[in-house]
Each structure stands twice: as C-alpha cells, then as structure tokens.
Amino acid sequence: MKRAITISLLSVLLTLTALVAALYSALQTKYATSIVNYALPFWSAAPDSVEAVRYIPPLQFELSGVHYKDHDIYLPHVQIWFNSSPWQHGQWVLDSLLIKEANITSPSTLPTLLFKSKLKLHQLAFQHSDFSGDTWSLRGVNAQVKQPNWNDESQIIPFGEVQFSASQLYVLDEAYDNLLIDLDYKPENSTAYGISFDWNNTSISGQSEQFEQGWSLVNVTIKDLTLRKDTISSINRALSALPFKVHHINSLDLIASNIDIDGFKAENLALSTENFSLSNPLWEQEGYLSFDADMLNFKGFQFIDISAQANFHSGTISISELNSEFSQGSLNFTGVISPTSFQAKQFSLSGVKWLDQTQQKVSQLVDWIKPLETLTIENLDINNAQFIQLQQQPYWQLSGLNIEGKQLTLIDRSQPYLWQGSVSLSANSASWGDILSSQPIIKAYSDRGAAHLERLFIPFEDGYFELTGAWDKSKLSQPWSLEMHGASIPLQPITQKLEHPFSLLGNGDIEGQLRGLAGDKVIFTHTLSGDIDLALLDSGILFHEEEPLVLQDQHLSLNADRGRIRVQDNHGSNNIASQVDLVHPQGATVILKTEQACGTVLIDLISGSTTKQGTCH
C-alpha cells in the first residue's frame, strides 16, 4: 500500500515537473502571449489583454500593449521582475515593476489597480511617461519607488523611497520645469532629501521635513526670483493646490532676486532666513533674517547698497548693523523695534540731503512715529545734513545740520518730550520764510522728565534771539520757566501764522521771563506769570491788501500775574489798553491806538478789528 502511494506521489511530481518544464519552454516561444492572456482572468485586477509578451529567463517578463479597457488605460511597455520566491503568503512578489512611455489621463486609476492586484512590490518605476488631471499635467516622468505601499485605493502616490524627475509640471496655468524629487514618503514624518525645479526663470532647490503641523523647508535656495503682485497670486494658487501644507521655514536663501509689491521694491536682493512660521504674523516670529540689496525702496524712501541682520523674538525685531547709502549720504542703525516701540542703540546719518518732497517725507515720518509708545536712542549722530522744503509756505531749509544725542528718551507712554538724555543741535545756516540765520544752536538735557533748555541761540543778520528754560514733567504740577533775550528779531514770520488778518512788520527787541505750571489747561491759565518787554523798531502792521500802518518806536511791557495779563505802552507816542484774563478769555481785548497821517486808528490785537477816525478809510 505504501509503495503504491509513493508511486502515485512520484507520478504527480513528475507530471507537475513536466508541466512546469513545458510551460517554461512554451513561454520562450511564440505562444507566450497566448499563455499570458489565457492566465489573466485568474489574476485579480489583471489587465484585459496584452499585445505581446517576451519572457527573459529566469524571472523577467516584457509586456507590450497592456490594456485596461474598463479604466481607459493603455501601457505601451511594461517590464516585470519576479522575486526568486515569486509566491509568498498568498500573493505574487515582484522585485520590480517598470512602466515605460505611458500616457495616463486618469492618474488615480492606476494606483487603484495596483492596490487591488495585491502584488507585493519591492520597486515601482516609470520611464518617459506622462500624467495629467483636470488642472495639471506631468511630462517626461522618470520615477522609482522602493517598497511602495498604499493605505487604501484612494491614495495616488504610494509611501516609500521616491526618486522622481519630470521635464515639466503644469498646474493652474503655471509651468514648473526640470522637477527633481528625492523623498522618503511615510504616513508620518516624511523627509524630502532633495527638491529642485525651475519656475518663471527662477531656480528653486532644497530639502524639507514633515512634522505634525505640516512641512518645514530646510536649506531651500531660491535664485533669480522676480516677485510682483501677479506672481504673488500665482504662488498662492500653486500652494493652495498642493496636497500638503508648508507651515515652517527652517532655513531659506534668496539670491539675486527682485521684488516690487505695494510700495516695496528691492533690486538684486540676497536674503537668508531661519526659523519662520508661515502661520504667524511678522511680529510673532522667533527667527533670524539677514539681507543685502543693491537698491531698496520703501514707500518713497530709497536705500542703496543696504544690508542688515535681524533677530525676531517676543514681538520685537533686533536689528544689528543696518548700513546703507541714503539720500546722497549714509545711514547706520542698530536697535530693537516693535509695533509700538523704537529703541536705537546707534542711529547715525551723514551727508543726507532732502531736496524735494521734503514735506511728504516729514509727514510720513510723523505718521510712523505717532503710534509709538516708546522712542529711545542711546547714541544719535547726524552730520552735515541738508533739508529743504519748497512745496508749501512758509518755505524752510537747514544746511550743515549736526545733531548729537546721548541716552535719549523722546517718547514715553505715547507722550513726545525730552524725557531723558542730552542733545545738541547746530547748523551752518537755517531759514524759515524770510528769516535767515547762520550758526544757530540748541542744547538741552533731561533727567527723568525734568528737562532743561540750556541754550537756544538763533543769530540773524542784524540781531539774535536767545532762550533758556526748564520744564519738569516728572511732577504732577509740571512747573516750567522761560527766559528770553533778543535784538532786531524779524517780526513778520512770527505773526504770519496767526489767525488774524494782519501781520507785524519790521524788527523787535525782547527781554523777559515767564513761569508757571503746566499740569493741565486749567492750572496753566491760573499760574502763568512773568514780564516781557518788547520794543518795536521801525515796525508796522500790515493788513491784507492794504497799505501798512506805521508803528514808530513802540515800547510795550507785558505783565502776567496768575493768568491775568496787562499790556502797557512805556515810551512810545502810541497808546495801548488791555484786559486779558486767561481764566475767562472770551472777554479779552488788547487795543492799540496809533496816530497816522490820516488820523487815529484803533486796532484790537486779539480780534484784528480796526476803528478808524479822521480821514483814514
């Protein structure tokens, strides 16, 4: 009995061996195609037909014209390398599956078929193939995926070690050329060891890492970028089309690039940045940035050969060594800025000239300063600057301006004032309207809000004006005082800005002292005190579109006592009467009586009204 069973088993084995040998021999003949097509229905998710089969012993097949009719897929050339143990755990095992010269218009279908086929693949590869979807296309694809794995049939790109190249990716009307990717693609914590492509004459390359929040760019280099408003829109469209999210920049370099967006323009910009989050606004970053550019223009302010380094931390930007050619001179800045503070360790300007649009630039600087709660400058150094304003009257200019400041606090708790430090100003020449001055100087210092004007000295062609004073804002009552001296001071520019229909002409001498408290408007009006003597020399009063009234050697004394002001004529032939109480200003009058050739004229210096007697009309 045992012998009969042994003979039977041996016969079966010999028969199977003969069948395998016959199949092996047949696969090497013209019948190989028929044999494979006959076997296809027995393979899950197999193609409908194959046009030609070539068997290359011992484990390689070359298939031509592979049809998946129901899925509208045609593969011109497919090469298959079976594993040395081709059947394992109920599935076929392939060392490699290579698809060549395919044109696949339903890119999600092929991964679905491969997933359903239950093949165990060690490598999936494509050569010279094209893919396309509704809004995108890939041309000239060469790719290989080691140990490809799909979670489900909806996954288009399998997990695995991916090496990919394409001559062009076209998506949402944008072309990305010479695309190269080296990627370890996993369900979590994937790594792109290398990505590079060309876009819009821009070269982009780098690496990337995947984290729970998204992808982080590592060592990315962007060269020859031209960034405009329309390209920003293109980039946003491209990013929105990506199947993954870039949330962080570990390190990025921008080289030889140009930017022109909403009042910001940069030429030949080189920029390096580290540790930036794309989901956080600028003032919430915790990163580093350095840059240089041939030219940078920000809202009309132009900088040439500019360079700087910046660290972002806790809502501030620490800038070190910002250097630039600026307005025909040079600029140097080191300090810390935030939306509400400007803290300069060093701020230097040398040889700067503003010769046009000065008023707009000054107004713009004022607008930028207004939101500040704090403005400090440890070392302020301005040398040989020139500012000319000829856009609106009164015209003004400063030439050869020099400013030196130490440990300055100029805004504190949103209040502009010399809160701390020392400052000195001088100029070769200055003008305001028709007032000309040579070598004016200002010196002041402050200690915790107690400011002292050591000297303000303005020389004129035939005279001068000098002022000293103090204002202590550290105290609630804010005591202040002024002492003034002047000779042959031009009067018209001083009064032409007043809201009166007249201005004073000629020159005047002044001597006086004023003092009081400035805690608020009420305490100011109740405490203003002091004396001023004013001598009007060869002067007059000019009413609009009228001949000037002559004031000959008018000597006036102003006495203020706790807000009550009395003006009297000391020496002149004209008379003056006054009644001014700052506590009740609505009844204030200062009447000047002057004798003219035509008769007497009474002038209210408060309201500007006149009463004419005699033939004066």
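The values are calculated or read from the model by the stated rules, or taken from the named source; none is laboratory data. Remember, it's a predicted structure, so these values are computed and weren't measured experimentally. Counting neighbours? That spans all protein chains shown, and the Cβs are built from the backbone with ideal geometry, glycine included. In case anyone asks, the SASA skips ligands and DNA or RNA and just uses the protein heavy atoms, side chains included. Shrake-Rupley method; radii C 1.70, N 1.55, O 1.52, S 1.80 Å.
Computed over the Cα atoms of segment 101-194, what is the ratio Rg over Rh, Rh following Kirkwood?
The Rg/Rh ratio comes out at 0.95.
Keeping every protein chain in place, order W81, W199 by accessible area at 1.4 Å, biggest value first, i.e. largest first.
W81, W199
By its C-alpha gyration tensor, with a ≥ b ≥ c as the square roots of the eigenvalues, how is segment 389-520 shaped: rounded for a/c under 1.5, else prolate for a/b larger than b/c, else oblate?
Taking the square roots of the gyration eigenvalues as a ≥ b ≥ c, segment 389-520 is prolate.
Over the chain, what is the relative contact order in whole percent, taking alpha-carbon pairs under 8 Å and six or more residues apart?
3
Under the classification rounded if a/c is under 1.5, otherwise prolate if a/b is larger than b/c and oblate if not, where does the chain fall, given a ≥ b ≥ c as square roots of the Cα gyration tensor eigenvalues?
The shape class here is prolate.
In the structure displayed, which of K475/K521; K370/K521; K118/K245; K473/K521; K265/K299 lie more than 19 Å apart, Cα to Cα?
Beyond 19 Å between Cα atoms: K370/K521; K118/K245.
Tell me, rounded to the nearest percent, the portion of alpha carbon pairs in segment 383-430 spaced more than 11 Å apart.
Above the 11 Å cut-off, segment 383-430 has 71 percent of its Cα pairs.
I'd like the FRET efficiency for W136 and D294, computed as 1/(1 + (r/R0)^6) with the beta carbon distance as r and R0 of 30 Å, rounded to 0.05.
0.25
On the principal axes of its Cα set, how long, how wide and how thick is segment 425-490? Give whole Å, largest value first.
41, 20, 18
Measuring from a point 7 Å past the Cα of D48 along Cα-to-C-beta, which residues in segment 60-93 have an amide N at less than 11 Å?
Those under the cut-off are 67-74.
Can you list the HN-Hα couplings for segment 244-252, worked out from phi with the Karplus curve (6.51, -1.76, 1.60; θ = phi - 60°), rounded to whole Hz and with x for Gly and Pro?
Computed from phi, the couplings for segment 244-252 are 9, 10, 8, 10, 8, 10, 6, 7, 8 Hz.
Exposed loop trypsin sites (Lys or Arg not before Pro) only (DSSP loop, at most 16 other Cβ atoms within 10 Å): please give the longest stretch of the chain free of them, not including the sites.
119-244
Which value in Å does the Kirkwood hydrodynamic radius of segment 173-313 take, with 1/r averaged over all unlike C-alpha pairs and then inverted?
16.2
Report, to one decimal in Å, the Kirkwood hydrodynamic radius for segment 191-267 based on all distinct Cα pairs.
Its Kirkwood hydrodynamic radius stands at 13.4 Å.
Helix-only mean residue ellipticity at 222 nm, the chain, DSSP H runs n ≥ 4 weighted -39,500 (n - 2.57), per residue, nearest 500. What is it?
-4000 deg cm²/dmol
Please list 3J(HN,Hα) in residue order for segment 254-260, calculated via the Karplus relation 6.51 cos²θ - 1.76 cosθ + 1.60 where θ = phi - 60°; whole Hz, with x for glycine and proline.
Karplus-based 3J(HN,Hα) across segment 254-260 equals 10, 10, 6, 10, 10, 10, 8 Hz.
Between V362 and Q346, 0.36 nm times their residue separation minus their Cα-Cα distance comes to what?
Stretched out fully, the V362 to Q346 stretch lengthens by 3.7 nm.
Taking θ as phi - 60°, what are the ³J(HN,Hα) couplings along segment 360-376 by the Karplus curve (6.51, -1.76, 1.60), each to the nearest whole Hz, with x for Gly and Pro?
Once θ is set to phi - 60°, the couplings for segment 360-376 become 5, 5, 5, 4, 5, 4, 4, 5, 6, 7, 3, x, 5, 8, 9, 9, 10 Hz.
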